[in-house]
Structures are given as structure tokens and as C-alpha cells.
Amino acid sequence: MLNPPAHEGASLPTDESFIRWSERLQSSDQRAFSELFEAMHVALLRYAWRFTGEQEAARDIVQDAFLKLWQIRINVDPKRSLKALLYTMVRNLALNHKRAAQHTNGAFPEHDLYDQAPAADQQVEASMLDERLRLFIEQMPDRRREAFMLSRFEGLSHEEIAQVMNLTPRTVNTHIVLALKDLRNRLGALQADRPV
């Protein structure tokens, strides 16, 4: 397991700093947003890491939290704690990530049927199949790939993906259905030893 991101030794800003940042964010002050990010990102990375145990996931979560903060900046209330809001957002995103990871791990219960490690040839086949799947996903049209990845790897609902991608849930569903159909066709061709 990796260690949590190192703390840069800086103390957290004062409550007055958070109040000023809240007021400036309401005015869409990008400099205030950058200052807040620089002041808080290490502490929030450490907090997210406690939930995930993964540095990359923690980075994604903190980035998502700041993205969401920018999206709601006009509604930020300087009378309420901006620091608490950030920690709450990171906590919720981290818990969602954890649930999605557990859901993904539980999506293939047949993996739990084996008490012993697979044979070397099975490991090679699994590795080759994994590499092919990655290639197939990379070859999808951009929007289709994004919707599929957000659904299957990030655990977002169709409504959440629609918000992220600025689409309707029905369009998201279409992208995912087409992605799954494409993967099924390519995997079927692979199993039949046909060119894909």
C-alpha cells in the first residue's frame, strides 16, 4: 500500500481567509479559487487517501471536489464554513468511490470461486484479454468511451453521467448500450478467433 501524500508543512488558513475566499468565489474570482486550491489540496488529499488508500483515487476525488465547488461557487455562503464544505464534498466523493469499488469487485463473483491461484497459462490468457479490453475501450468514439468509463469504472449513475457530460440520461444510456454491444461483438470475434 502506498503512503498518503506528504504534507508540505503548511498550516491551514485562518477562518477569515475562508470567509474572504467564499466572498470572492461568489464573484467567480479565479485567483481566489487558485489560492484556495493551493492552500487546501494537500490536506484534502490526505483526507481522501484515508478513505481510498490510493493516491491516484485521492487526487481524482480532490479534483472532483474542487470542480464541484467551482460549479456551485455563486451559491457559496460566506457565513457557512467553506472548509467544512470542502471536507464534506471530499468525504462524499470518497465514499462514493469506495462504494463503486466494492460494487465493481462484487460484480464478478465467479472470481471468488477459486481457492488457489490460477495456472500460469490462465494468468497469461487473462492478461491478454485485459489488454484487448483496454484496447477495445480506447478505440471507442470519445463520448461513448467517456460514458462507458464513468459508468463501469467510476460507478456513476446515468443521471450523474448526464450532468458530467452535459447530455440527457437517455443519450448516456444510448452511449453505454452501444459501448456494450461493441465490446460483446469484439469479444465474440476474439473467442471465435476471427479478426477484430
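The values are calculated or read from the model by the stated rules, or taken from the named source; none is laboratory data. Not measured: the values here are computed from a predicted model. FYI the Cβ positions are ideal-geometry reconstructions off the backbone, even for glycines, and counts take in every protein chain you see.
Annotations
- You will find that of Ala94, Ala126, the residue that is at pLDDT 75 or above and surrounded by 11 or more Cβ atoms within 10 Å (Cβ to Cβ) is Ala94 and no other.
- A residue that is loosely packed, with under 15 Cβ neighbours inside 10 Å and part of a loop (DSSP other than H, G, I, E, B) can be found somewhere in the range 48-64.
- Positions within the range 148-183 being farther than 26 Å from Ala94 by Cα and either of a type in the set (Gly, Ala, Ser) or not in a helix (DSSP H, G or I) (or both), in sequence order: Ala179
- Identity of the residue in the range 65-88, over 22 Å from the mean Cα position of the chain (by Cα) and of a type in the set (S, T, N, Q), that ends up surrounded by the fewest Cβ atoms within 10 Å (Cβ to Cβ): Asn75
- Residue within the range 148-155 that is loosely packed, with under 14 Cβ neighbours inside 10 Å and modelled with pLDDT under 85 present: yes
- Selection of the range 179-195 for residues being crowded, with 16+ Cβ neighbours inside 10 Å and modelled with pLDDT of 85 or more yields Ala179, Asp182, Leu183, Arg186.
- Qualifying positions in the range 129-147 - out of contact with any His (no Cβ under 7 Å at 6 or more places or on another chain) and either surrounded by 11 or more Cβ atoms within 10 Å (Cβ to Cβ) or not in a helix (DSSP H, G or I) (or both): Leu129, Arg132, Leu133, Leu135, Phe136, Ile137, Gln139, Met140, Pro141, Arg145, Glu146
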